[in-house]
Every structure is written in structure tokens, then in C-alpha cells.
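The values are calculated or read from the model by the stated rules, or taken from the named source; none is laboratory data. Every value quoted in this text rests on a predicted model; they were computed, and no experiment measured them. Cβ sites come from the backbone with ideal geometry, for glycine too, and all protein chains shown count toward neighbours. We work out accessible area using only protein heavy atoms, side chains counted, and drop any ligands, DNA or RNA first. Shrake-Rupley method; radii C 1.70, N 1.55, O 1.52, S 1.80 Å.
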Amino acid sequence: MDEAGARVDECVSDFDAAQNTDLRSPDETSHSAGSFAKKAADIPLSILDLAQVGSHQSVGDAIRSSVELAQRAEATGRFERVWFAEHHNMKHIASAATSVLLAHVASQTQTIRVGSGGVMLPNHSPLTIAEQFGTLAELHPGRIDLGLGRAPGTDQRTWQALRRDPHASDRFPQDVVELQGLLSDTSPLAGTEAIPGKGTNVPLYILGSSMFGAKLAAALGLPYAFASHFAPDQLQAAVYAYRSEFKPSAQLDAPYVIAALNVVAADTDDEASAMYEKVLRSRVEMIATRFGMADRDFTDAELDMLLDSPAGHQAKHMLTYTAIGGPERIAAYLEQFAEHAMADELMMTNSARGLDAQKRALEIVGGIR
């Protein structure tokens, strides 16, 4: 077995061992939320752009809006990165061809990092992703991130249309290590190299909303991004596990956590609260449509009833971690959430309604000093 192959086996073995260990309770770990307390101005901030296609909006218009928002975020000088996620067969999300979208956004900005949050690796071969992101890295040196998830990013029928291997998710740990090797100077595949890709060392991030991703990121010594903007339940437990079990690597010598949250920012608290109600109703409508209740616009009366239904309760739960308010309230929430999540960086979804409101929200959050 060659050296690269041995590295794959070693990392996966470490991960398998971690999967079989009991999670220590917060009281038994050396990490305390208090040690992560910091002022809002000192918290690194980033953006998860959902590339949403609004009602009466074309996909082209939605992409142009994403470009404008990335440019506005960059202009504030406050945001580290903007990420886009791979979703398929969702009529209100325009980021299915994630690497193509990243290439366009990166070409229209100058300094902000651009990346995936994430690429659903089981949908692809590691070599394909290495070539795509290697190309991006050559075009935009030092600005490309590669966040990786193992979910399909779609429904079962579309999953089949993607020609996805039913066992691909089981190979996710091995595929992550293979991808990392293809982006390094030494390919793990005898006689095969990623060109472009080789030697670019595009930084990898493990994305997750459960203990699986936390333990994998810890075993591989990679940064960990938790999807708490829609899956809040295991946030603290997963971060504890990640920090407790982290093993340094060539990419990262200490654990690094990105925690996601929703932000509804406006000039006043009242304006933000009114906007949040619209966000909530939109989320309920999306869930109801996904459950097959109807594929149409709901009336206000119907939405009122849905808010008290299981779909409404699910929507409210998904939005558990949401900052709502004017500048002062947003700053306070960011501080509290960063401490609660033991996060090194916060990644916000900009939930304001409409392009102008989203631009203003970025100015508000970006202006917190």
C-alpha cells in the first residue's frame, strides 16, 4: 500500500474509533462557553447566500442579486467569506451548479473569499470536485473555500436522476481524504492527478448538523461548520465533541468552528420584527409545499392556520437561532450566540426580504464596531 493510501486508512480508522466513543458531557470537557465570549466587533462574520429566486423573479435576476450582495458585503470590509450550497430540484434556489456560480461571483468580486457551503460530495467523484475547485483556485488564488456535506441536497427522485450511488454516503470519509490528497502535491491515486487541482491545497471544511460531521472533522483535523440556521438541536453537543476530539493536521493546528444563524436586521427593532413575521410565514409556506399540501400561493388566512400546524411548529423550530432587530439588538445577539455555540466564526443567512432590504442588512451588520 502506498503512503497516500495508508493516510486514507489511518484517517478513516481514527474516525471509526471516534464514532464508537461516548460523548463527554460539557462538565467533563476543558471547553467552556464563557471562554468564547467576545465583542460583536471582534467576531469574524461570513455569509451563507441561499441564492433564492423570489416570486416573479428569474433565475438570472436571482444570480445578479447574489453578485450585488457579495459586492456589498465585500465593500463593508467586515465579512470573511460568502458561501453557496448545492441544492437540486428546488424552484426557489439557484445554486445547483455550485462551482459555476462560485466562478461567476468570484469574478465579480476582488477580496472576499468565495466557497461552497457546501458541495454534496456523494453526488460527485472526488476527482471531479478537485478539478473544478482546483480551476477556481488557479483563477482566484487564496480566495476559494471547499465546504463538504454528505447529504444529497434534494429529494429521492432527484437523487436518482443524479445517478447517485446508493452507497456513496457510506464512503464520505474516504472520499474527503481522497479529495484532500488530489488537491495536495501527492495524489492518492496511482497514475492519476487532478489537473487543475494538484498543489492548490484548497482548504476543506466539513459541514454538518449532527455528531457524524463533528467527529469526522475532528478526526481529520479540519474546520467544522454547523448548520444551526435550520438544524439547531445538536449544536452544542456536536461542537463539544469536535473540540474535545480534534487532532491537528497539515491544514489546521487547532479546532475551528463556524456556526450558522439567521439574521433579520433592519434600522429599527419594530421593522425587523415585522420582517421576521414575513420570513416565518414564507418558511411555513415552503414546508407545507414540500409536504405536498399545495404547490401554490397560500392566502393570509391559510397561513395563519398553518402557523399553528405541525408545519408551523417545524418552521419556528428551524429558526431557533435567529437574530432579529436593529443594530444594537443584532450586536447583542451575535455576542450571545457566539458564546453559546463556542464558535470562532459566525455565518449568517441574510433573511431580510427584498434586495434593498438585504443590502441594508449587510450594511447594518457590517457596520457593527
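Taking the residues in region 84-116 that are in a loop (DSSP other than H, G, I, E, B), over 18 Å from the mean Cα position of the chain (by Cα) and among the hydroxyl-bearing types (Ser, Thr, Tyr) as candidates, determine which candidate is surrounded by the fewest Cβ atoms within 10 Å (Cβ to Cβ).
Taking region 84-116 as the starting set, the residues that turn out to be in a loop (DSSP other than H, G, I, E, B) are 85-92, 94-97, 108-112.
Now drop any that are not over 18 Å from the mean Cα position of the chain (by Cα), which leaves 89, 91, 108-111.
From the residues that got through so far, the ones that are among the hydroxyl-bearing types (Ser, Thr, Tyr) too are 109, 111.
Details: Thr109: 19, Thr111: 9.
Per the criteria, the residue is Thr111.
I'd like the residue in region 157-179 that is part of a helix (DSSP H, G or I) and open to solvent by 50 Å² or more (accessible area, probe 1.4 Å) and, out of all such residues, is nearest to Ala217 (Cα to Cα).
Step one: of region 157-179, the residues part of a helix (DSSP H, G or I) are 157-161, 168-179.
The next check asks that each one be open to solvent by 50 Å² or more (accessible area, probe 1.4 Å); those that pass are 157, 160-161, 170-171, 174.
Details: Arg157: 30, Gln160: 28, Ala161: 29, Asp170: 16, Arg171: 15, Gln174: 12 Å.
Top of the filtered list is Gln174.
So which pairs qualify, if the first residue must be in region 83-96 and without any contact (Cβ under 8 Å) to a residue 40 or more places away in the chain and within 18 Å of Ile47 (Cβ to Cβ), the second must be hydroxyl-bearing (Ser, Thr, Tyr) and in a loop (DSSP other than H, G, I, E, B), the Cβ gap must be under 6 Å, and the two must be at least 6 apart or on different chains?
Phe84/Ser95
Output the residues belonging to region 122-148 that are in contact (Cβ under 8 Å) with a residue 60 or more places away in the chain and open to solvent by less than 60 Å² (accessible area, probe 1.4 Å).
Within region 122-148, Leu127, Ala130, Phe133, Gly134, Thr135, Leu136, Ala137, Asp145, Gly147 meet the criteria.
Hey, can you tell me all the residues within region 255-275 that are more than 25 Å from the chain's Cα centre (by Cα) and touching a residue at least 60 places away in the same chain (Cβ under 8 Å)?
Those that are more than 25 Å from the chain's Cα centre (by Cα) and touching a residue at least 60 places away in the same chain (Cβ under 8 Å): Asp267, Asp269.
From Arg72, Arg64, Arg7, Arg81, which residue is modelled with pLDDT under 55, of a type outside the set (S, T, N, Q) and either closer than 20 Å to Ala227 by Cβ or open to solvent by 70 Å² or more (accessible area, probe 1.4 Å) (or both)?
Working: Arg72 fails: modelled with pLDDT under 55; Arg64 fails: modelled with pLDDT under 55; Arg81 fails: modelled with pLDDT under 55.
The unique qualifying residue is Arg7.
Pull out all pairs, ordered by first then second residue, where Cβ-Cβ is under 6 Å, the residues are six or more apart or on different chains, the first lies in region 41-61 and is of a type outside the set (D, E, K, R), and the second is loosely packed, with under 13 Cβ neighbours inside 10 Å.
Every condition considered, the pairs that remain are Ala41/Arg369.
Those residues that are assigned to a helix (DSSP H, G or I), surrounded by 23 or more Cβ atoms within 10 Å (Cβ to Cβ) and of a type outside the set (Phe, Trp, Tyr), I need them from region 221-245; list them, please.
Just the residues of region 221-245 that are assigned to a helix (DSSP H, G or I), to begin with: 235-245.
Applying the additional criterion that residues be surrounded by 23 or more Cβ atoms within 10 Å (Cβ to Cβ) yields 235, 238-239, 241-242.
Passing the criteria: Leu235, Ala238, Val239, Ala241.
In region 257-280, what residues are part of a loop (DSSP other than H, G, I, E, B), open to solvent by 30 Å² or more (accessible area, probe 1.4 Å) and touching a helix residue (DSSP H, G or I) at 6+ places or on another chain (Cβ under 9 Å)?
Asp267
For Leu189, work out the one condition from (1) hydrophobic (A, V, I, L, M, F, W, C); (2) under 28 Å from Thr349 (Cα atoms); (3) open to solvent by 30 Å² or more (accessible area, probe 1.4 Å); (4) not in a helix (DSSP H, G or I) it doesn't fulfil.
Of the numbered conditions (1) hydrophobic (A, V, I, L, M, F, W, C); (2) under 28 Å from Thr349 (Cα atoms); (3) open to solvent by 30 Å² or more (accessible area, probe 1.4 Å); (4) not in a helix (DSSP H, G or I), the odd one out for Leu189 is (2).
Taking the condition of being free of Cβ contacts under 8 Å to residues at least 40 places away in the same chain and under 23 Å from Ile47 (Cβ atoms), how many residues in region 235-251 meet it?
Qualifying residue count for the region: 2.
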